[in-house]
Amino acid sequence: MNGTSIDTLAFDEVRLGERFRVEPPPGSTLVAGDTVEVTRSREGTNVVSAIEISVDDAPPVERLLDEVIARCKRNVSERPNDSRSRLNLALALVNRGRRTEAIVELKRVLELMPDDFVALSALASAHLTDGNLDEAAELYNRIGAIFPNSSTAHMGLASAALRRDDFVGAAKHLETAVSVDCRLVPARLLLAMVQLKLNKAHRAISILREGLREDNRSAELNHCLAIVYLCVGDTRRAEKSFRAALYLNPGLSAAVHGLALLLLHQKRTDDVTSFLSKRLDSSPNDFASRELLAHAFVVSKEFKKARAQLMHLVDGSAGEVLSGHDAARINNNVAYCYAMESKYSEAEERLLLSIKTEPGFGPQPYENLARVYLALGRTRDALRTISRALDRGLDSIGLHELRAFCLSALKRYHESVEELRSLVKRTDAPASAYADLGWMLTEWEEDYDSAIAVLREAMDRWNDDPKILNNLAYAHLMRGESGAARLVLDLIPEGYGPEPYSVATRGFLKIAEGQIEEGERNYNAAEHLAARMGNRDLALAIRQKKFLEVSKEHFRQGRFDEAVEALRKGSEIEQNSQPYPFESQLKSLLAAASAEEGK
């Protein structure tokens, strides 16, 4: 017995993944200090510079800066050749985010005072922020020549190198910056992250420890050290360093989120929920903490609590207007929680909102909506949803697998086979695609040679996959090769099962070997397992298949009456919605037997 490998109820929660931020402490805006993001995945650790242009959106601050700019402009109009007045105006423009105007003023300041450190540093920083890397590097080199004992030039050159993905060059400049000023925390943070990027994690740890010997009250150094420890797998020291960072600066958001991610990775959900609940009591608008808390509740299968946290984000209670991407993700996850509670109508509403908010967000909301429609018995709506995603250029294994499932459920078997044939040509095709193609070729195309070829190809990649092995054994049985089927079934790992499909296939094998009673016992056990799983349709299909194979074996052994009786029993089983041909095969054989009996 075989069947689809697709779990139509495998809804997806969209997570951002493990991302850790390393931010320099507040300091002079003239010293470049990049924010860095560290991401961890199955592919390994990655370090990237998170270039952000920060514009203060607080209206009172904007009004204050506008007043300062107006006052500085009056001073400049009164004293146009006063370099200090122009510099004050330029710095006010920089702080207001009006860099184009600021650059013009800074160039005028340097015409009046070519070696002014503040003007040179501010102009270089403005060019760096705008991505004018050559201009920024030229200015930082000029600063270094005039002020050799300043770390500003080396920090700026390192930032320019990071933006060019020149991590070796960045490391060189940062080493110099640290040697010039050993207490410069931004330099140590960046240097440690660059060493991590260069796969020199132990060097990164050494740099941070040296920094803590110089300044043992730095929350940022402790936080960065925690991330490096986490990347080398030392979770005990990582947790200790995260907690040290939060002891020194309880409001350090990056450390809060880092510790929460560590606890989640260790599946310490009670610790996460306690820790983040306390954090939200003091900082209710911490978006990331609330989303992490929701995920902790999802892990604990407390979906109602997870929904409450997520709804707090989408209804504006968190005090933040969500971007289209964030809104799409959060609404998808609200729907995920509803779906896991079998509240499919509510899930549908949220998924439609997710897609409407950001149609190109990704395939997950479309996949989830298709699964919701399948759960509601709306197969055509599911297929339309999948087509809508594919038409937008969105692509995923899940979309193609679900499309193949929908086509087979609508009895468009040849199209389903073609969909699976296309899928297995992909380099990232999963074992389930091969298993399903083998099943469809066997059950509906009756192309046993092709089915066996596909499944043997799959065995070259997944030699212990139970579904592949089961379906291969089934194909051999359908081709009348019980010996080959037994050899394949014996390869199924001992720890697998019992599971309806493989138990039924063993029943098929025993019947094919002439052991009808033993085979029937296996089929009965498989039917019982399917019923216990709540899959009544599969249980009925297993019963149909049992009578089909029993009747065939009776015919082979010359017991015509017993064969006809088995066919009658099988034909009386009520119609099921599973995509199997057993009912039609039973009735066809019964009609042929009745015709033979009437001669």
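Scan the helices (runs of 4 or more DSSP H) fully inside the stretch 506-599 and keep the ones with 1 or more residues being more than 30 Å from Leu487 (Cβ to Cβ) and aromatic (Phe, Trp, Tyr).
It comes to 560-571.
Would you check if Ser49 is of a type in the set (Gly, Ala, Ser), at pLDDT below 80, surrounded by fewer than 19 Cβ atoms within 10 Å (Cβ to Cβ) and assigned by TED's automatic domain parsing to the domain that holds Pro186?
no
Matching residues to (1) over 22 Å from the mean Cα position of the chain (by Cα); (2) assigned by TED's automatic domain parsing to the domain that holds Thr39; (3) buried (at least 19 other Cβ atoms within 10 Å of the Cβ):
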residue	(1), (2), (3)
Leu208	yes, yes, yes
Gly211	yes, yes, yes
Glu214	yes, yes, no
Glu220	yes, yes, yes
Gly251	yes, no, no
Ser283	yes, no, no
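For Asp460, all conditions in the list (1) out of contact with any helix residue (DSSP H, G or I) (no Cβ under 8 Å at 6 or more places or on another chain); (2) modelled with pLDDT of 95 or more hold save one; what is the number of the exception?
Exception for Asp460: condition (2).
In the stretch 282-300, is there at least one residue being more than 20 Å from Arg329 (Cβ to Cβ) and charged (D, E, K, R)? Even if it seems obvious, please write down each step before you answer.
Narrowing the stretch 282-300 to residues more than 20 Å from Arg329 (Cβ to Cβ): 282-284, 300.
Applying the additional criterion that residues be charged (D, E, K, R) yields none.
No, every residue in the stretch 282-300 fails to be more than 20 Å from Arg329 (Cβ to Cβ) and charged (D, E, K, R).
When you look at Ser450, is it hydroxyl-bearing (Ser, Thr, Tyr) and over 23 Å from Arg556 (Cβ atoms), yes or no?
When the stated conditions are applied, Ser450 passes them.
Looking at Val272, Val256 in this structure, which one is in contact with a Pro (Cβ under 9 Å, 6 or more places away or on another chain) and either of a type in the set (Val, Ile, Thr) or surrounded by fewer than 17 Cβ atoms within 10 Å (Cβ to Cβ) (or both)? Talk me through it step by step, then tell me what you get.
Values: Val272 fails: in contact with a Pro (Cβ under 9 Å, 6 or more places away or on another chain).
Testing whether each residue is in contact with a Pro (Cβ under 9 Å, 6 or more places away or on another chain) and either of a type in the set (Val, Ile, Thr) or surrounded by fewer than 17 Cβ atoms within 10 Å (Cβ to Cβ) (or both) leaves just Val256.
In the stretch 481-505, how many residues are in a loop (DSSP other than H, G, I, E, B) and either surrounded by 14 or more Cβ atoms within 10 Å (Cβ to Cβ) or among the β-branched types (Val, Ile, Thr) (or both)? Give the steps one after another, and end with the answer.
Pass one, the stretch 481-505, residues in a loop (DSSP other than H, G, I, E, B): 481, 490-499.
Then keep just the ones that are either surrounded by 14 or more Cβ atoms within 10 Å (Cβ to Cβ) or among the β-branched types (Val, Ile, Thr) (or both); that gives 481, 491-492, 496-497, 499.
Going through the stretch 481-505 one residue at a time, the tally reaches 6.
I'd like to verify a number: residues in the stretch 520-538 that are buried (at least 22 other Cβ atoms within 10 Å of the Cβ) and either of a type in the set (Gly, Ala, Ser) or closer than 9 Å to Pro500 by Cβ (or both), how many? First the steps, then the outcome.
Filtering the stretch 520-538 down to residues buried (at least 22 other Cβ atoms within 10 Å of the Cβ) leaves 522-523, 526-527, 530, 538.
Cutting the leftovers down to either of a type in the set (Gly, Ala, Ser) or closer than 9 Å to Pro500 by Cβ (or both) gives us 526-527, 530, 538.
Qualifying residue count for the region: 4.
So if I check each of Leu157, Leu190, Leu196, Leu139, which one is closer than 26 Å to Gly97 by Cβ, surrounded by 21 or more Cβ atoms within 10 Å (Cβ to Cβ), touching a strand residue (DSSP E or B) at 6+ places or on another chain (Cβ under 9 Å) and not small (Gly, Ala, Ser)?
It is Leu190.
Ala429 fails exactly one of the following numbered conditions: (1) crowded, with 21+ Cβ neighbours inside 10 Å; (2) part of a loop (DSSP other than H, G, I, E, B). What is the number of that condition?
Failed condition: (1).
Can you go through Lys278, Lys267 and tell me which one is in contact (Cβ under 8 Å) with a residue 12 or more places away in the chain and of a type in the set (Lys, Arg)?
Exactly one residue qualifies, and that residue is Lys267.
Does any residue in the stretch 241-262 that is among the hydroxyl-bearing types (Ser, Thr, Tyr) come within less than 7 Å, Cβ to Cβ, of a residue that is assigned to a helix (DSSP H, G or I) and crowded, with 21+ Cβ neighbours inside 10 Å six or more places away or on a different chain, and which pairs are these?
Every condition considered, the pairs that remain are Ser241/Asn222; Ser241/Leu225; Ser241/Ala226; Ser241/Tyr229.
Within the stretch 432-480, which residues are without any contact (Cβ under 8 Å) to a residue 60 or more places away in the chain, surrounded by fewer than 24 Cβ atoms within 10 Å (Cβ to Cβ) and in a helix (DSSP H, G or I)?
Tyr448, Asp449, Ser450, Ile452, Ala453, Arg456, Glu457, Met459, Asp460, Arg461, Pro466, Met478
Checking the conditions here, which among Asp165, Asp130, Asp116, Asp134 is loosely packed, with under 15 Cβ neighbours inside 10 Å and either touching a residue at least 12 places away in the same chain (Cβ under 8 Å) or not assigned by TED's automatic domain parsing to the domain that holds Lys73 (or both)? Even if it seems obvious, please write down each step before you answer.
Numbers: Asp165 fails: either touching a residue at least 12 places away in the same chain (Cβ under 8 Å) or not assigned by TED's automatic domain parsing to the domain that holds Lys73 (or both); Asp116 fails: loosely packed, with under 15 Cβ neighbours inside 10 Å; Asp134 fails: either touching a residue at least 12 places away in the same chain (Cβ under 8 Å) or not assigned by TED's automatic domain parsing to the domain that holds Lys73 (or both).
Matching residue, one of Asp165, Asp130, Asp116, Asp134: Asp130.
Looking at Glu111, Glu135, Glu105, which is the one that is touching a His at 6+ places or on another chain (Cβ under 6 Å), under 28 Å from Ile69 (Cβ atoms) and charged (D, E, K, R)? Let's see the steps before the verdict.
Details: Glu111 fails: touching a His at 6+ places or on another chain (Cβ under 6 Å); Glu105 fails: touching a His at 6+ places or on another chain (Cβ under 6 Å).
It is Glu135.
The values are calculated or read from the model by the stated rules, or taken from the named source; none is laboratory data. Quick caveat: nothing in here was measured; it's all calculated off a predicted structure. Glycine also receives a Cβ, built like all others from the backbone with ideal geometry; neighbour counts cover every protein chain displayed.
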